[in-house]
Structure formats: C-alpha cells, structure tokens
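Single-structure report; data block below.
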Amino acid sequence: MSSKLRTSMVYAMIGVALLCGQAPVAQERTPDWSKVQIKATKVSGNIYMLEGQGGNIAASVGEDGIVIVDDQFAPLAEKIQAALKELKITDKPVRFVINTHYHGDHSGGNAPFSNAGSTVIAQDNVRKRLETGGIAGNGGSMKIENKPAEKAALPIITFEHDVTVHLNGEDIRALHFPSGHTDGDSIIFFPKNNIVHMGDDFVRYGFPFIDVASGGSVQGMIDAMEKATAQLPADVKVIPGHGALSNLDDVRAFTKMLKETSSTVQKAIDGHKTLDQMKQEKILAPWEKWKNGFVNEDAFIETLYNSLTGHKGEFMKHN
C-alpha cells in the first residue's frame, strides 16, 4: 500500500471521528485541510474521479450540470467545487450528490453542498444513521461514536432498492447492496460510460473496514462484489471507495481474499477456538500482504469473527 493511501486512510478514520463525535482524539491529529489538494482524473467520457482526503469521488460533468458520488469532508467542499470548475466543461452547479454510505469521509460534505443548492440522495439507512447517530465499528477494538448530523447534511431523496438520475446523457443508477460495508451501501453504475463506483464495498488499501456495528458483514460484502461483478462488462473501469482506479481483476482478487479469510475464521469457529486463540495462532498470516495501518490482521480477525457470529459489539445503539 502506498504511503499516500495509508495516510489517507488514517485521516479518513480521524475525519470520521472529528465529524461524528470523537473530538479529543481527532483534535490531536486533525489534517491541515489547507494543504489538501483535489486531483481530478478523466475516467471515460464525461466522468471524472476526484481524489483528495477521504473517499474517492465520481463526477458526471456536462451541460445538464454536475452529479457527484460522495463528497469527502466539509472543509474540502469549496476545493471540490473549484476542481470541478477548473475542468472548464460547465459553469452549472453540482445538482445532485449521491452518498454511497453514511461514513463521514464520504458524506461529510453533505451540508455545505446542500447549503449551496445540491440535492443529496442516498439509501434509506444512510439518512437514518446520519439522523440518529450511534456507533460505528467492527464489534471489537475499532469503535467510533457518531453524533447526529445537522439537518442540512441529511439526504433529501432516499430510496429502498435503487434510484436512477438521468443527466448528461447518462443513466446514473444507484443500487442498494444490503449488509456489506454498512447496511446502507449503494454501488453506482454509469452504464453508457462503462464505469462503476463501488463505494467502500471495494477498497484498495488491503483488509477492509467492515462496519459490523452499522449492519455490515463480510457475507454481505462478498455478495455485493459477486452480484455487481456479474452485472458488469469485462472491461469496466472501477472506482474504489479508496485507492487507485481499478478493474474487475482487482475486484475478483479482493473478493477471493474475503472468501478465503472468512472461510478460515469460520473453520476456527467451528473448531471452538476463541478469538484470542485465533489471534495468537495468527490464522490470517497467509494473507499478511493485505494488512495495513488501518486494519491489521488482529482487527480483521475480530471483524470476521463478529460478522460470522452475528456479534455487533456491546456499544451498538442503532437498530
């Protein structure tokens, strides 16, 4: 994993804490937002990927206006707007923001974009979790308390299964995949441009953070990847929640790792091994290359164990 991606992930977790209520930790290591640069890369046609601090943004930019998928952090909203204008494609505003899920490194910019006139769209559970707050975490050592979001940050349009935005000659479809990274995940398809934004159901930093406390599960993440992959052309361009532009081979390698590691932990569970025994025996050592500064082997063993056994952690507030 690159140092840039590792730093991004650390800042992402800090940013979630900062924006969602864990201020004492965040204040010690808050990013210097003034130094964050927004990089825009053309993916295909009129679709761009924007990288800054937090989750990757997909942007459809054209004569009808702009649709963005995710919006990183509130302090970066003006920089994101400026980066879109610098493309010199349209002077029209961001008309719609689609959230792939509720975490602050993907939805933290909702309020400033909403206040600037954008309409925020998300799956039903995204609004519920932003509105009520609660605990995000892997059911073990990773825990973040989320305070209720301000009214302006709440999605105005929500959907249960899917919604399509018809803009700039594209049918931008958000499709809900339940119980993967969270219980409000959406994968966003740009069929005419042959692009998909996977949100945090697919990331490039290694072992993923699965928010078991917010209804996520490794089974749901595997299911999302397999079902989404089955719907996509072989040459589709994949925008991950974090990391470099990808392809289906990358997604398949990620899915293979999820299936193998979850099978290993399930076998240990079936053998009546405790969580501590699994850690001591380093049962995920064969997948060591996937560890990262955000989710190491022990944290991922916890994630898989809690996901497979249905344990969401004692701190869970939100149903």
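Report the semi-axes of the equivalent ellipsoid for the range 72-210 in whole Å, largest first, where each axis is √(5λ) for an eigenvalue λ of the Cα gyration tensor. Provide the component values of the computation, followed by the final result.
On the way: eigenvalues 118, 66, 45 Å².
Those come to 24, 18, 15 Å.
With the Kirkwood sum run over all distinct C-alpha pairs, the range 45-117 has a hydrodynamic radius of 11.9 Å. All other residues whose Cβ lies under 14 angstrom from that of Val67 are scored, Lys and Arg at +1 and Asp and Glu at -1, for a net of -2.
Taking N as the number of residues in the range 141-289, what is its Cα Rg relative to 2.2 N^0.38 Å? Show your work: numbers first, answer last.
On the way: Rg = 17.3 Å, N = 149, 2.2 N^0.38 = 14.7 Å.
For the range 141-289, the normalised Cα radius of gyration comes out at 1.18.
With θ taken as phi - 60° and the Karplus curve 6.51 cos²θ - 1.76 cosθ + 1.60 applied, the whole-hertz 3J(HN,Hα) list for the range 297-303 is 4, 5, 5, 6, 4, 4, 4 Hz, x standing for glycine and proline.
Using the Cβ atoms and a cut-off under 13 Å, what net charge is assigned to the surroundings of Leu50, where Lys and Arg are +1 and Asp and Glu are -1?
Numbers: positive: Lys39, Lys42, Lys79, Lys85; negative: Glu51, Asp70, Asp71, Glu86.
Result for the local shell: 0.
Judged by the mean number of other Cβ atoms found within 10 Å, the most tightly packed of the peptides 170-179, 276-285, 39-48, 209-218 leads the ranking 209-218, 170-179, 39-48, 276-285. Think of it as helices only: each DSSP H run of n ≥ 4 in the chain is worth -39500 (n - 2.57), and spread over all residues that comes to -10000 deg cm²/dmol at 222 nm.
Excluding same-chain neighbours fewer than eight residues apart, the aspartates and glutamates reachable from Lys92 by a Cα-Cα span under 12 Å are Glu63, Asp64.
Could you sort the peptides 149-156, 293-300 by per-residue average Cβ neighbour count (10 Å cutoff), highest mean leading? Numbers along the way, then the final one.
Details: 149-156: 18.0, 293-300: 19.9.
Result, highest mean first: 293-300, 149-156.
Among the trypsin sites (Lys or Arg not before Pro) in the range 61-96, those placed in a DSSP loop whose Cβ has at most 12 other Cβ atoms within 10 Å are Lys88.
No lab work stands behind these numbers, since they all come straight from the coordinates. Since the model is a prediction, treat every value here as computed from it, not as a measurement. Note: ideal-geometry Cβ built from the backbone for every residue, glycine included; neighbour counts use all protein chains shown.
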